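All remarks here apply to the structure that follows.
All of the numbers you see were taken from the coordinates with simple rules; none came from a lab. Quick caveat, the model's predicted, so the values are computed rather than measured. Here the Cβ is made from the backbone with ideal geometry for all residues, glycine too, and neighbour counts use every protein chain on show.
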Ligand code: ATP
Ligand code: MG
């Protein structure tokens, strides 16, 4: 774009000068600055946008820095050696600097020559840069435009602020600065249209409201309940990504509550929500377990610890698993078959909502399988259980069950003690278990004899 043209477009924005805002280069990662400068040096415009600007304005450290530019994906790729074009619906470039990855997006523009395809037409959009389903869902969003058009294509005003290294100003095309000050999530454009184009924006509205402690403006909130069903047309892979952003970024408890409140949660976690309403799962206990798991997840992240989706989903699906353990009892299965079939159905049901990757479903199964082993703590198996790489997660899960009110006798305390003991004491503890285990066995035998 010529310099003059550029000035004309930018002039549509409210310009917040360097001394009127608190975004400082000091809080932007060096690598992000290098991406911005790299694009400028190659003759392109570049801006920090999205969560990077929003969170800095709020005095918070951004999770990542997103960058917008007038360079096309192919041009961006030429500027940075360590980069690759990803995405089909929405093409972006990942630029890698050391351990950091930046999402660099080309300014989007309006879809003028819409290619409208039917429900079954999704296979025929190969090669198209713009495509929309006949229900209004955007299937390809790779029409490029100018910065002001890009601003209009973003989801919420607070996510549509552009920071540039040129004079260090922020450009505001949609009133985002005022909404930041008023702590408001406001969708850009017509809410129904924007949610229909991309229903995930509804989840994003709830997520940002939970994360930032912002209210959702009335117009933005109103259609959510009504349009929640549109989420059924989103791929399970994308919904898994969103579920992780909702639950594993420090505001899981609040997000889950608002998902339930706005009746949108069933498009992500239907198996859990419906299981929690049955009598099979001791209702109160299972919702307490889930609430505790979400709360602990938030606390762990606050302390800078990691959380794993496997553990989270093990907690989410526990009531579902418990429900099938009850239902399948009628099927005259062996203990092992009952256990295995209940695990399989619980996970299978979740997979039709969110595509939980295999490495996490393996973790879920292992955490559940270890529960009964931890409970039994048979002396022969103790060392094997303890050396299992998922022991810690399974033990944490056992604690969670106890804290949520399940009666687990004193087994949790036993395992807590076992972990902090030296090897000699551990050996002693196993020996003690052995003798009480043998005693129990003998008592059982005698009882059996007496019956005969
Ligand atoms: P965070 O990274 O903290 O979760 P973010 O706002 O940076 O929040 P990203 O998913 O990283 O969110 O997206 C970066 C920016 O891209 C957003 O701020 C928004 O401007 C735009 N964006 C992302 N997803 C959408 C969408 N579905 N519709 C419209 N704009 C979007
Ligand atoms: Mg971001």
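Descriptive notes on the structure:
- Remark: spin-label model distance residue 423-residue 192 equals 7.2 nm, labels positioned 7 Å along the Cα→Cβ axis.
- Gain in span if fully extended, residue 135 to residue 215, counting 0.36 nm per residue against the direct Cα distance: 25.9 nm
- Theoretical gain in end-to-end length, residue 270 to residue 60 [0.36 nm per residue, Cα-Cα removed]: 72.3 nm
- Estimated FRET transfer efficiency when R0 is 22 angstrom, pair residue 101-residue 352 (beta carbons, to 0.05): 0.15
- Per-pair calculated FRET efficiency, R0 = 25 Å: residue 166 and residue 12 via Cβ, rounded to 0.05: 0.90
- Fewest-first ordering of 111, 251 by other beta carbons within 10 Å of each residue's beta carbon gives 111, 251.
- Residues in segment 210-232 that a label on residue 299 would reach, taking backbone N under 11 Å of a point 7 Å out along Cα→Cβ: none
- Estimated distance in nm for a label pair at residue 408 and residue 124, the labels positioned 7 Å out from Cα along Cα-to-Cβ: 5.6 nm
- Helix 309-327 and the longest principal axis of the C-alpha atoms of the chain enclose an angle of approximately 50°.
- For segment 138-207 and segment 263-329, distance of Cα centres in Å: 33 Å
- Cα gyration tensor category, rounded, prolate or oblate, for the chain with a/c compared to 1.5: prolate
- Volume per residue for segment 278-420 equals 127 cubic angstrom (convex hull of Cα atoms).
- Rounded to the nearest 0.05, the FRET efficiency derived from the C-beta distance between residue 236 and residue 384 at R0 = 45 Å is 0.80.
- The stretch between residue 20 and residue 33 holds 2.6 nm of extra length on full extension. This uses 0.36 nm per residue minus the Cα-Cα distance.
- Segment 393-452: C-alpha pair distances exceeding 13 Å, %: 71 percent
- Exposure proxy order (Cβ contacts within 10 Å, fewest to most) of 359, 204: 359, 204
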